[in-house]
């Protein structure tokens with residue numbers, strides 16, 4: 001008390017007033033924050049999950065919330081710019097009409113497209129089958145590309161260029177996703193950078209400042225104990241491992257490197273095997289389902305199975321792959337942190353590349369010019385008069401199957417397992433035990449779904465709506481699973497690191513989604529029988545065509561921007577700016593190193609002085 | 001309501017004296033008084049300023065209930081002559097003041113040192129550090145570090161903080177190490 005008295009007496013009146021006013025400002029801000037938490041979606045649920053299970057699992061749920069919002073905004077974007085004008089004109093609101101421009105210079109055969117939208121009496125079963133495979137009555141709705149066979153919409157006297165709007169809306173949602181993800185990952189990136197920089201006194205910091213005295217909930221306290229224990233143990237383990245690695249002899253190093261190369265070859269071979277099987281299954285499914293549809297034969301359930309075969313194989317590969325990888329990586333002798341990262345990268349690759357392989361095999365079918373079927377239109381018009389709708393249907397099937405699997409696994413695996421563990425005390429079952437909530441697996445699942453959504457939205461504009469509903473339901477399903485069947489993880493994960501990692505993988509998914517979309521838009525000729533791009537060679541051609549309608553000045557500017565005279569200096573300037581920032585970052589790193597060395601010198605000086613003092617005292 | 005009622009129970013001069021001597025604001029002191037008097041049985045609430053609350057009652061506070069250092073905190077802040085670690089209202093205010101947002105890092109590290117010094121001998125030796133780590137990792141057999149890990153950990157801690165290499169950490173070494181620690185100010189905090 002005496003020391004406090006001395007302290008506070010030294011403060012002047014002004015400083016006291018400043019202190020009290022800053023405290024009341026802080027209180028006001030926290031009140032406003034408290035109110036705004038009511039407006040954010042699921043704030044209470046996520047908060048309670050954080051309290052019971054830790055920040056690692058909470059980051060998964062806030063990631064899910066982010067995806068729900070993203071998909072909702074994408075849906076609003078596509079709906080208002082693409083679907084809404086058509087709906088307005090179909091009902092004649094605002095004196096609107098639809099303009100069809102018949103395609104010129106195109107062979108008759110290419111423009112024949114008769115989707116078998118159900119006419120007349122059909123069995124209820126056919127509706128169900130159509131719902132699951134996207135054919136039949138669903139094919140002619142606004143869900144798929146084929147519905148948008150309109151060239152312009154006249155709203156009173158304004159001409160609404162639908163093809164242009166369709167393409168620009170696609171670019172807009174891709175750009176929006178990219179910017180939003182980058183913005184969110186920027187915060188995580190800085191935290192990661194700070195954390196990664198080898199802390200000066202990591203052990204002292206963890207031990208003396210490790211316990212958060214604000215914790216009041218016994219559950220949160222238990223979590224904190226566990227995470228402290230885990231952190232200390234992993235740090236000690238990593239230190240021991242680093243020592244071991246530094247002491248490795250030449251012979252051991254050779255052995256380990258050759259083992260690693262061998263295992264990487266095995267992994268590569270497994271990946272190739274997966275991709276090849278996906279390719280074969282897709283080709284098989286396309287050939288057989290096409291035949292049945294056209295001939296309208298029975299055995300509908302077998303047909304449905306064949307149609308879902310690619311989705312099933314992909315899901316199987318996504319399930320087996322991670323198991324094999326986590327088994328193999330034990331032999332490669334990495335540090336635990338690196339092991340986790342490498343396995344995750346491999347799993348990510350399997351999941352995202354399998355979508356790419358599926359699309360590749362689809363295109364090989366579409367452009368399969370076996371017996372000269374492609375010449376008139378540029379694609380196989382006999383089997384795929386409206387190939388964009390077919391691709392959209394494949395994406396739709398992938399999404400539905402993914403949703404079914406996510407709902408079925410807890411129902412048929414997790415709940416029975418929990419029941420077994422709680423009611424049967426036999427040793428074997430207890431060995432299996434209750435499952436932990438595997439954050440990375442769940443995150444990869446939803447990133448896979450999101451990549452499908454991004455690719456599929458161009459071919460099926462209402463897909464984001466389905467994705468929003470899907471993620472909305474998944475939130476509640478996962479929450480119920482978590483609370484009822486999972487025990488808290490024995491290895492708590494640092495939240496900031498994982499958040500950044502999720503966003504990086506999502507970004508990889510988005511960039512991988514650019515590739516198929518880019519190829520579809522710019523390379524493959526658009527179908528002449530359906531869709532807004534009937535009158536253009538490829539979907540991309542809308543843009544050069546529109547530019548040609550601009551006044552000459554604007555045209556010249558735009559063409560100038562695309563020419564070499566502009567592009568080369570622009571590229572050079574960008575390179576220079578990038579090098580500048582890299583050099584700046586390096587300089588900062590050097591400054592940090594120097595300051596750190598200075599700190600060490602300071603403490604050595606202190607040591608020297610203390611020793612002198614103790615000597616002098618003797 | 002309750003705030004106005006309790007304000008009349010602390011005389012104004014006492015209130016302003018507390019404000020001077022601690023880092024707490026008027027509202028925080030009044031809130032502390034309210035919480036402290038709730039720990040007493042109804043009859044003794046009138047003279048809350050001068051009664052001592054037994055340790056078992058203090059430990060029912062949610063802020064201390066889940067804290068592994070609860071016993072040390074009571075011991076360090078208690079001015080009881082009988083050594084039963086009971087706390088008066090002024091001890092309670094003292095504790096809240098040290099743990100408040102506006103306390104200086106010097107004060108905090110001074111008291112943190114006293115809390116971590118389990119055998120009260122003025123230095124943190126190996127036994128103190130061992131007990132400290134066991135408090136952090138939790139009660140129960142499976143949550144303790146193995147003896148080899150503990151040895152390695154204590155070795156690392158002493159390497160980082162023991163400047164004069166005498167195998168113990170004294171108050172100035174502790175304050176030196178804690179001043180470099182980025183998390184200390186935000187974790188050594190209790191808010192009612």
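Is the C-alpha gyration tensor of segment A:490-618 telling us rounded, prolate or oblate? Criteria: a/c under 1.5 is rounded; beyond that, a/b larger than b/c is prolate, otherwise oblate. Oblate is the answer for segment A:490-618, as a/c is 1.5 or above yet b/c matches or exceeds a/b. All distinct Cα pairs of segment A:563-617 go into the 1/r average, and the inverse of that average, the Kirkwood radius, is 15.1 Å.
Using 1/(1 + (r/R0)^6) with R0 = 45 angstrom and r between the beta carbons of residue A:76 and residue A:415, what's the FRET efficiency to the nearest 0.05?
So, using R0 = 45 Å, E works out to roughly 0.80.
Counting every other Cβ atom within 10 Å of each residue's Cβ, A:251, A:129, A:242 order from fewest to most as A:251, A:242, A:129.
Among beta bridges from DSSP that stay inside the protein assembly as shown, the antiparallel ones total about 90%. For a modelled paramagnetic label at residue A:95, 7 Å from Cα along Cα-to-Cβ, the residues of segment A:133-154 in reach, with backbone nitrogen under 17 Å, are A:153-154.
Could you state, as a whole-number percent, how many of the C-alpha pairs of chain A are farther apart than 47 Å?
Summing the P(r) of chain A above 47 Å gives 31 percent of all pairs.
Based on the Cβ-Cβ distance of residue B:47 and residue A:596, what FRET efficiency does E = 1/(1 + (r/R0)^6) give at R0 = 51 Å, to the nearest 0.05? For R0 = 51 Å, the calculated efficiency reads 0.35. Cβ crowding within 10 Å, taken as a proxy for footprinting-reagent exposure, orders A:225, A:588, B:75 from fewest neighbours to most as A:588, B:75, A:225.
Put simply, the C-alpha atoms of segment A:248-368 give a gyration tensor, and the ellipsoid matching it has half-axes of 40, 13, 10 Å, longest first.
Extension gain for residue A:21-residue A:172 works out to 49.8 nm (0.36 nm per residue, less the C-alpha to C-alpha distance).
How much length is gained on full extension from residue A:426 to residue A:585, taking 0.36 nm per residue of separation minus their Cα-Cα distance?
Value of the extension gain: 51.3 nm.
Along its first, second and third principal axes, ordered by size, chain B spans 57, 33, 29 Å in Cα coordinates.
Extension gain for residue A:614-residue A:537 works out to 18.9 nm (0.36 nm per residue, less the C-alpha to C-alpha distance). Taking the centroid of alpha carbons for each part, segment B:89-106 and segment A:495-561 are 61 Å apart.
At 222 nm, what helix-only mean residue ellipticity would chain A give, in deg cm²/dmol to the nearest 500, using -39500 (n - 2.57) for each DSSP H run of four or more? Value at 222 nm, helices only: -25000 deg cm²/dmol.
Between residue A:280 and residue A:41, the C-beta separation translates, for a Förster distance of 45 Å, into a calculated FRET efficiency of about 0.55. Label sites at residue B:38 and residue A:180, each approximated as a point 7 angstrom past Cα along Cα to Cβ, lie 4.2 nm apart.
From the mean inverse distance of alpha carbon pairs (Kirkwood) and the Cα radius of gyration, derive Rg over Rh for segment A:304-392.
That ratio equals 1.20.
Taking other Cβ atoms within 10 Å as a rough exposure proxy, B:150, A:158 sort from fewest to most as A:158, B:150.
Inter-label distance, residue A:108 to residue A:407: 4.7 nm, where each label sits 7 Å from its Cα along the C-beta direction.
Against the compact-protein benchmark of 2.2 N^0.38 Å, the Cα-based radius of gyration of segment A:534-590 scales to 1.83.
Every number here is computed from the coordinates shown, using simple stated rules; none is lab data. Keep in mind that what you see is a predicted model, and the values were worked out from it rather than measured. With ideal geometry, Cβ positions are generated from the backbone for all residues, glycine too; neighbour counts draw on all protein chains shown.
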